[in-house]
1. For the chain, which whole-number percentage of the solvent-accessible area (1.4 Å probe, protein heavy atoms only) is attributable to carbon and sulfur atoms?
2. Rounded, prolate or oblate, given the Cα gyration tensor of segment 11-60, with a/c below 1.5 counting as rounded?
3. Probe of 1.4 angstrom, ligands and nucleic acids ignored: what's the accessible area per residue over the chain, in square angstrom?
4. 7 Å from Cα along Cα→Cβ at both Lys51 and Asn38: what's the point-to-point distance in nm?
5. For the chain, what relative contact order do you get, as a whole percent, if you take Cα pairs closer than 8 Å and at least 6 residues apart?
6. Under 5 Å between amide hydrogens, which residues at least 5 positions from Tyr66 or on another chain qualify, with H placed 1.01 Å from N in the peptide plane?
7. Which ³J(HN,Hα) values in Hz, rounded to whole numbers, follow from the phi angles of segment 18-30 under the Karplus curve 6.51 cos²θ - 1.76 cosθ + 1.60, where θ = phi - 60° and Gly and Pro get x?
8. If I model a spin label as a point 7 Å beyond the Cα along the Cα-Cβ vector, how far apart are those points for Arg67 and Ser5 in nm?
Amino acid sequence: MEELSERQEQILRCIREAIIEDGQAPTLKEIGERFGVNVSTVHHHIRRLIKCGALVQEAPYGRRSYRPR
């Protein structure tokens, strides 16, 4: 697995915490609001996390379909 940026680590931690607390991953919009970035930026980070193996996407078009490995 390639090294993650600080922001990617933060997003991964955010996803893990949301799953523990709410039972589901946050939406891209919710992540963006938490970190003060737009949905496109969050989408880019999520794609990188999937590519490097830190996240798994369970459904191709699900809003909350990604899970940490």
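1. Its accessible area is 46 percent carbon and sulfur atoms.
2. oblate
3. Dividing the accessible area of the chain by its residue count gives 66 Å².
4. It is 2.0 nm.
5. Dividing the mean separation by the residue count of the chain yields 33 percent.
6. Glu58
7. Karplus values, whole Hz, x for Gly and Pro: 5, 5, 5, 6, 10, x, 8, 6, x, 6, 4, 4, 4.
8. Roughly 2.8 nm, to one decimal.
The values are calculated or read from the model by the stated rules, or taken from the named source; none is laboratory data. The structure displayed is predicted, hence computed values, not measured ones. Glycine gets a Cβ as well: all are built from the backbone with ideal geometry, and neighbour counts include every protein chain shown. The protein model used for the area step is the full one, side chains on, heavy atoms only, and it has no ligands, DNA or RNA in it. Shrake-Rupley method; radii C 1.70, N 1.55, O 1.52, S 1.80 Å.
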